[in-house]
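Since the structure comes first, as structure tokens, the remarks are kept for the end.
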Amino acid sequence: MNQSIVVVSGGLGTPSTSGLLGRQLAEAAASELAARGFQADITVLELRDYATDITNNLLTGYAPPRLQEAIDAVTAAGALVMVSPVFTASVSGLFKSFIDVLDPKSLEEKPVLLAATGGSPRHNLVIDYAMRPIFSYLRASIMPTSVFASPEDWGADQGHGALADRERLAGRELALAMMARGGGGTPVIQDLGDTRSIAPNVSDTANPRDAMSSLPFEQLLANIRAV
């Protein structure tokens, strides 16, 4: 299996910490795939390079060739790493605008790893309350582990510490999701069938006069009518 991991970075700076975080996450996933005998190519899209084209697309509905290539890369990707800096307690406008020019159905069931960068650890919930709802709406397959990086995480001990551990965990989840979706395995889905079968049985000796007893609906209704 040879798939692509596309990093979409909404960072505006040069260099961008969002782009750096995204690349590290993609490399963590690629390393996990390589350990299992699979190969993944990494492409990093810095949205600041497409800012004018994205705006024009929103205004005209037409994507210039260069932007269309980026959109096609996202659509064809085996997995996405979506990273945004935190602006006003949410994602950057550039990041959201790029998502708005995508076909809403293009991310269905696609493995997506969410990440964000911010100036303070206090912003680490932005992934859950701002990013995750967007990709849930688009029906993407969102990885359980997300990654937030603040300035304290960019120390001299790169490759070690809490951030590196979380990157490896998130990368492993993304790699496994890619393998399952690409034919390296199949997700295990437990068929519960009729979920009523997993409910506890009501005791045949339950006391109908005991308020703490759990009785079938029919018997409760009969008791009410009797009163």
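The values are calculated or read from the model by the stated rules, or taken from the named source; none is laboratory data. Every value quoted in this text rests on a predicted model; they were computed, and no experiment measured them. Because the Cβ atoms are built from the backbone with ideal geometry, glycine has one as well, and the counts that use them run over all protein chains shown. All accessible areas refer to the heavy atoms of the entire protein, side chains included, with ligands and DNA or RNA removed. Shrake-Rupley method; radii C 1.70, N 1.55, O 1.52, S 1.80 Å.
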Problem - Unique match (being open to solvent by less than 40 Å² (accessible area, probe 1.4 Å) and within 17 Å of Gly22 (Cβ to Cβ)) among Val101, Val91 - result: Val91
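Can you tell me how many residues within region 10-33 are closer than 11 Å to Leu80 by Cβ and among the small types (Gly, Ala, Ser)?
Qualifying residue count for the region: 3.
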Handout entry: Selected residue (only one of Arg139, Arg166 is at pLDDT 90 or above, at negative phi and among the basic types (Lys, Arg))
Key = Arg166
Exercise for the section: Could you tell me whether region 106-114 includes any residue that is exposed (fewer than 12 other Cβ atoms within 10 Å of the Cβ), at negative phi and out of contact with any helix residue (DSSP H, G or I) (no Cβ under 8 Å at 6 or more places or on another chain)? Expected result: yes
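For (1) basic (Lys, Arg); (2) closer than 19 Å to Ala51 by Cα, each residue gets a yes or a no:
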position: Gln3; (1), (2): no, no
position: Gly10; (1), (2): no, yes
position: Thr14; (1), (2): no, yes
position: Gln24; (1), (2): no, no
position: Arg36; (1), (2): yes, no
position: Ala40; (1), (2): no, no
Fill in the blank from the handout: Scanning region 1-20 residue by residue, those hydroxyl-bearing (Ser, Thr, Tyr), open to solvent by 60 Å² or more (accessible area, probe 1.4 Å) and not in a helix (DSSP H, G or I) turn out to be Thr14
Practice task
Tell me, please, whether a residue that is assigned to a loop (DSSP other than H, G, I, E, B) and within 23 Å of the chain's Cα centre (by Cα) can be found in region 35-44.
Solution key: yes
Exercise for the section: Considering every residue within region 122-132, establish whether at least one is over 27 Å from Thr52 (Cβ atoms), in contact with a helix residue (DSSP H, G or I) (Cβ under 7 Å, 6 or more places away or on another chain) and open to solvent by less than 40 Å² (accessible area, probe 1.4 Å). Expected result: no
Exercise for the section: Output the number of residues of region 150-163 satisfying the condition of being closer than 26 Å to Ser4 by Cα and either loosely packed, with under 10 Cβ neighbours inside 10 Å or at pLDDT 80 or above (or both). Expected result: 2
Handout entry: Condition check for Arg23: at pLDDT 95 or above, open to solvent by 30 Å² or more (accessible area, probe 1.4 Å) and not acidic (Asp, Glu)
Key = yes
Practice task
Give, as residue ranges, the strands (runs of 3 or more DSSP E) completely inside region 46-160 that count at least 1 residues that are out of contact with any strand residue (DSSP E or B) (no Cβ under 6 Å at 6 or more places or on another chain) and without any contact (Cβ under 8 Å) to a residue 24 or more places away in the chain.
Solution key: 79-87
